[in-house]
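Colleague: Please find one structure pasted underneath; my questions will follow.
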Amino acid sequence: MLRFLLSVFLLLVVVFSTTSVKRYGDFLEYGLTTVAVAEHGTPYIVASDVERMIELTPQNEVEFRTVLGTIRDRISAGEQVPIPGLLLSERGHYMSIHFVGYSMLTAVPFVILDGIGVNPWKAYQVMNYLPVLALAATCYLLLGSARRAWVGITLFVLCGALPYLNWTSPEVFTMGSLLAGLILFTIGRPIAGAILVGLAATQNPPLVLFGLFAPFIRMGWLIVSEDLAWQAALRRVVDRRHVIACALQMGLSVVPMLFSLWEFHEPSLIAKFSTDPALVTPGRLGSFFFDPNQGAIIAFPAVTVLLAWLLWQRRAQRPLWHLAATVGLMLALAIPALSTVNWNSGASGPMRYVVWGASPLLYLALAWLALQRRWPLALMTAVLVLQFGAMWHAKRYEYTWFSPLGRWVLETAPSWYNPDPDIFYERTTHLDSSFSVDGVIAYPDADQPLKTLYNVRNSTAHRTLCGPGRKLDESDVVVMGQGWRYINGSPVCAAAGR
C-alpha cells in the first residue's frame, strides 16, 4: 500500500508542478479569507489583507487590481457592503458570505508556499489534492489491490473532478473527502470517515446529513457483503464507535453555522441572500440529474450504466438496502442545492453542486466492484473510455453556451427538452447574470425559433412575439415555474380582440 500511495503522491507532485492554479469560482471571497487567516489568524478581512492580495495580483490584471483597490478603500471607509460577497458583521468584522472552512484550511499551505517562494495561490491545488491522496488510500483498502485502486482514482478524476482539480474552490476537496469518508464508514473505520466528511462540511454544511445516512449505508453494505439479516447488521452499527463518529461529523458540520449565527445572527448568509425555497421543484431536481449541459448525466454517464450492471450481478444479495441508503444521501445533498437562485453558475461542464452532490453514485459503483471477484475487462475499459469522453465533452464549452449534447437535443427534439429557464436564458444570450423576467429569448434566434422563453410577468411579451395588435395563442405553451413559459417552434398569434 505504501508503494501505491507513494506513486499517487508523486503523480500529484508532477501535476502540481506542471499545471497552473485556476483562480475561478468565488476566488475573490475565498482568496481574501485565506489571506486574512494567513496574515493574522482570523477570517476577519481588513484593509491590509486586501492590500496584500493586490501585491499578489499580476500587474497586467488591471481590472482585478482596480476591484481590489475599491474594496480596500470601502473597507477603510467603513462601508457596510464593500462588494456583494463581502459584508460587515454585527460584531464589526468584514467577512465573506461564504463559509470559511475551506479558506482557513488553505491558509496552512498558503503560508508554507509563500515562505519558500512558490506562488501561494497554488495552496488551493494542495488543498484539493490532499483528499485525492486520502481517497487513494481508501480505494486500496476497499478494492484490495493497487491496480484496482488506480481504476478507482481514475474514475474519480473522470467523473467531474478533472475540470475542477486546479480551481480555487472546494468542489474536488468536498467530492474527495465525501467519497473517502463513505468508503471508510463502509469498511468499518467510521471515526476517520467522520473527520474527513466533517472537514468538508465546514464549507458545505448540507453534508451534516451524512451523519444521518452513513449508518444505514454501512448496514446496507453488511447486508450485501456478508449476507446478514437487517437486525444483525443493525446490531453491528449501533455501537460506541459509530455513535461517536456520527456525533463528531455532525458537530463539525454545524460549527460554521454557529459561527455565522455569532457574527451575523444568521446561520447561513448564502441561504439568506442566494437561495429561494420556491425553486425547490421536481423540475429543478430533474435538471440536477439530467440536464445535458451541466447535470449529473454528463459527469457520471458510464458509471450509471456500470451501476445497473452491478445491481443485476448483486441481485441475489439484497443490494436494495445499500442502494436505497446511498441514493437517500445523494438526494439529501441535492435537494438543498435546488434552491440556489443562480442555477447557471459558472460551471466547467457539470455544475459544481453536481460534482460532489451526485458523487455517491461513484461510491456505490466502487463498493459493488469490490464484491466482484473478477472485473470484466471489456466493460471496465468501455466505462473508462466513455467517462473520458464525457470529460472531453465537458471541456468543449463554457457555462454561457450550450454543450454539444445540449445543442443536439434542442435542435433534434426541442419539445422534449425544457431546461431550467436560467440555463436556457443565459446560454442563449451568452451573458452571465442576464436572467430577467423582461426578456423574450429565442433559440437559435428570433427569425427561425426552435424554442422561445418568456415570462407572463413581462407585459410586453405578446407584443414582442406577435407584433402590435396581436396576442400569443398560449394553448400549447409549456408551463414552467415562476411564471416562465416555453414556445416550441414559431409563436402562434391571433388578433388581440379574439
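Colleague: Give me the residue from the stretch 418-446 that is acidic (Asp, Glu) and outside any loop (DSSP other than H, G, I, E, B) and, out of that set, farthest from Gln482 (Cα to Cα). Talk me through it step by step, then tell me what you get.
Modeller: Within the stretch 418-446, the subset acidic (Asp, Glu) is 420, 422, 426, 432, 438, 445.
Imposing the further condition that a residue be outside any loop (DSSP other than H, G, I, E, B) reduces the set to 422, 426.
Details: Asp422: 11, Glu426: 17 Å.
Only one residue fits best here, namely Glu426.
Colleague: Taking the criterion of being closer than 21 Å to Val208 by Cα and in contact with a Gly (Cβ under 8 Å, 6 or more places away or on another chain), would at least one residue in the stretch 133-151 satisfy it?
Modeller: Within the stretch 133-151, one or more residues are closer than 21 Å to Val208 by Cα and in contact with a Gly (Cβ under 8 Å, 6 or more places away or on another chain).
Colleague: Determine which member of the set Tyr397, Tyr425 is of a type in the set (Phe, Trp, Tyr) and touching a Leu at 6+ places or on another chain (Cβ under 8 Å). Working first, answer last.
Modeller: Working: Tyr397 fails: touching a Leu at 6+ places or on another chain (Cβ under 8 Å).
Unique residue meeting the criteria: Tyr425.
Colleague: So, one more: Given the residues Leu234, Leu222, which is the only one that is crowded, with 22+ Cβ neighbours inside 10 Å and not polar (S, T, N, Q)?
Modeller: Numbers: Leu234 fails: crowded, with 22+ Cβ neighbours inside 10 Å.
One residue alone meets the criteria, Leu222.
Colleague: Which of the residues belonging to the stretch 140-167 are within 13 Å of the chain's Cα centre (by Cα) and either among the polar types (S, T, N, Q) or farther than 18 Å from His98 by Cβ (or both)? Before you say what the answer is, go through the steps one by one.
Modeller: Taking the stretch 140-167 as the starting set, the residues that turn out to be within 13 Å of the chain's Cα centre (by Cα) are 159-165, 167.
Of everything in the stretch 140-167, those that are within 13 Å of the chain's Cα centre (by Cα) and either among the polar types (S, T, N, Q) or farther than 18 Å from His98 by Cβ (or both) turn out to be Cys159, Gly160, Ala161, Leu162, Pro163, Leu165.
Colleague: Sticking with this one: Return yes when Thr452 is modelled with pLDDT of 90 or more, surrounded by 19 or more Cβ atoms within 10 Å (Cβ to Cβ) and of a type in the set (S, T, N, Q) and no when it is not.
Modeller: Numbers: modelled with pLDDT of 90 or more: yes; surrounded by 19 or more Cβ atoms within 10 Å (Cβ to Cβ): yes; of a type in the set (S, T, N, Q): yes.
The answer is yes for Thr452.
Colleague: Consider Asp420 against the criteria (1) modelled with pLDDT of 95 or more; (2) more than 29 Å from Asp26 (Cα to Cα): it satisfies all of them except one. Which criterion is unmet?
Modeller: So the condition that Asp420 fails would be (2).
Colleague: While we're here: Can you name the number of the only condition in (1) hydroxyl-bearing (Ser, Thr, Tyr); (2) at pLDDT 95 or above; (3) more than 19 Å from Tyr399 (Cα to Cα) that Ser268 fails?
Modeller: (2)
Colleague: Condition first: within 16 Å of Met95 (Cα to Cα), polar (S, T, N, Q), buried (at least 18 other Cβ atoms within 10 Å of the Cβ) and modelled with pLDDT under 95. Can you find one or more residues in the stretch 275-297 that meet it? Working first, answer last.
Modeller: Here is the first cut: in the stretch 275-297, the ones within 16 Å of Met95 (Cα to Cα) are none.
Within the stretch 275-297, not a single residue is within 16 Å of Met95 (Cα to Cα), polar (S, T, N, Q), buried (at least 18 other Cβ atoms within 10 Å of the Cβ) and modelled with pLDDT under 95.
Colleague: Return the residue satisfying two criteria in turn: it lies in the stretch 464-498 and is farther than 25 Å from Ala413 by Cα and of a type in the set (Gly, Ala, Ser), and of such residues it is surrounded by the fewest Cβ atoms within 10 Å (Cβ to Cβ).
Modeller: Among those residues, the one meeting the criterion is Gly497.
Colleague: Oh, and also: Condition check: outside any helix (DSSP H, G or I), at pLDDT below 95 and surrounded by 15 or more Cβ atoms within 10 Å (Cβ to Cβ). Does Phe402 satisfy that? Step through it out loud before you land on a result.
Modeller: Values: outside any helix (DSSP H, G or I): yes; at pLDDT below 95: no; surrounded by 15 or more Cβ atoms within 10 Å (Cβ to Cβ): yes.
It is false that Phe402 is outside any helix (DSSP H, G or I), at pLDDT below 95 and surrounded by 15 or more Cβ atoms within 10 Å (Cβ to Cβ).
Colleague: Further question: With respect to Ala77, is the statement that it is over 24 Å from Pro206 (Cα atoms) and outside the structural domain of Val197 (by the TED database) true? Give the steps one after another, and end with the answer.
Modeller: Details: over 24 Å from Pro206 (Cα atoms): yes; outside the structural domain of Val197 (by the TED database): yes.
Answer is yes for this residue.
Colleague: Moving on. Has the stretch 162-178 got at least one residue that is under 21 Å from Leu311 (Cα atoms), in a helix (DSSP H, G or I) and among the acidic types (Asp, Glu)? Let's see the steps before the verdict.
Modeller: Going residue by residue through the stretch 162-178, those that are under 21 Å from Leu311 (Cα atoms) are none.
No, that holds for no residue.
Colleague: Inspect all residues belonging to the stretch 159-166 and state whether any of them is touching a strand residue (DSSP E or B) at 6+ places or on another chain (Cβ under 7 Å), surrounded by fewer than 23 Cβ atoms within 10 Å (Cβ to Cβ) and assigned by the TED database to the domain that holds Gly328.
Modeller: The first filter runs over the stretch 159-166 and keeps only residues touching a strand residue (DSSP E or B) at 6+ places or on another chain (Cβ under 7 Å), leaving 166.
Add one more test, that the residue is surrounded by fewer than 23 Cβ atoms within 10 Å (Cβ to Cβ), and what stays is 166.
The next check asks that each one be assigned by the TED database to the domain that holds Gly328; those that pass are 166.
Within the stretch 159-166, one or more residues are touching a strand residue (DSSP E or B) at 6+ places or on another chain (Cβ under 7 Å), surrounded by fewer than 23 Cβ atoms within 10 Å (Cβ to Cβ) and assigned by the TED database to the domain that holds Gly328.
For (1) in contact with a helix residue (DSSP H, G or I) (Cβ under 9 Å, 6 or more places away or on another chain); (2) among the small types (Gly, Ala, Ser); (3) in the same structural domain as Glu263 (by the TED database), each residue gets a yes or a no:
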residue: Val15; (1), (2), (3): yes, no, no
residue: Thr42; (1), (2), (3): yes, no, no
residue: Ser48; (1), (2), (3): yes, yes, no
residue: Leu56; (1), (2), (3): yes, no, no
residue: Val62; (1), (2), (3): no, no, no
residue: Ile71; (1), (2), (3): yes, no, no
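Colleague: Scan the stretch 412-435 for residues that are closer than 16 Å to Gly286 by Cβ, among the hydrophobic types (A, V, I, L, M, F, W, C) and either buried (at least 20 other Cβ atoms within 10 Å of the Cβ) or in contact (Cβ under 8 Å) with a residue 12 or more places away in the chain (or both) and jot them down.
Modeller: Result: Ile423, Phe424.
Colleague: For the stretch 108-133, enumerate the residues that are out of contact with any Pro (no Cβ under 9 Å at 6 or more places or on another chain), among the aliphatic types (A, V, I, L, M) and crowded, with 21+ Cβ neighbours inside 10 Å.
Modeller: Val132
Colleague: Looking at Ala446, Ala390, Ala461, Ala442, which is the one that is in contact (Cβ under 8 Å) with a residue 60 or more places away in the chain and aliphatic (A, V, I, L, M)?
Modeller: Ala390
Colleague: Is it the case that Ser415 is closer than 23 Å to Ser348 by Cα and of a type in the set (Gly, Ala, Ser)? Talk me through it step by step, then tell me what you get.
Modeller: Numbers: closer than 23 Å to Ser348 by Cα: no; of a type in the set (Gly, Ala, Ser): yes.
In short, no.
Colleague: Looking only at the stretch 18-72, count how many residues are over 15 Å from Ser103 (Cβ atoms), in a helix (DSSP H, G or I) and among the acidic types (Asp, Glu).
Modeller: Qualifying residue count for the region: 3.
Colleague: Against the condition among the small types (Gly, Ala, Ser) and either in the same structural domain as Leu279 (by the TED database) or surrounded by 18 or more Cβ atoms within 10 Å (Cβ to Cβ) (or both), how does Ala461 come out, does it pass? Talk me through it step by step, then tell me what you get.
Modeller: Numbers: among the small types (Gly, Ala, Ser): yes; either in the same structural domain as Leu279 (by the TED database) or surrounded by 18 or more Cβ atoms within 10 Å (Cβ to Cβ) (or both): yes.
Considered against the rule, which asks whether it is among the small types (Gly, Ala, Ser) and either in the same structural domain as Leu279 (by the TED database) or surrounded by 18 or more Cβ atoms within 10 Å (Cβ to Cβ) (or both), Ala461 comes out as yes.
Colleague: Go through Leu5, Leu10 for me and flag whichever is under 30 Å from Val151 (Cβ atoms) and free of Cβ contacts under 8 Å to residues at least 40 places away in the same chain. Write out each step before concluding.
Modeller: Working: Leu5 fails: free of Cβ contacts under 8 Å to residues at least 40 places away in the same chain.
The match here is Leu10.
Colleague: Tally up the residues in the stretch 201-210 that are in a helix (DSSP H, G or I) and surrounded by fewer than 24 Cβ atoms within 10 Å (Cβ to Cβ), please. Quick ask: steps written out before the conclusion?
Modeller: So the first thing to find is which residues in the stretch 201-210 are in a helix (DSSP H, G or I), and the list is 201, 205-210.
Keeping just the survivors that are surrounded by fewer than 24 Cβ atoms within 10 Å (Cβ to Cβ) gives 205-206, 208-209.
Residues meeting the conditions: 4.
The values are calculated or read from the model by the stated rules, or taken from the named source; none is laboratory data. Keep in mind it's a predicted model, so treat the numbers as computed, not measured. For neighbour counting, all protein chains shown are included, and Cβ atoms are generated from backbone atoms with ideal geometry for every residue, glycine included.
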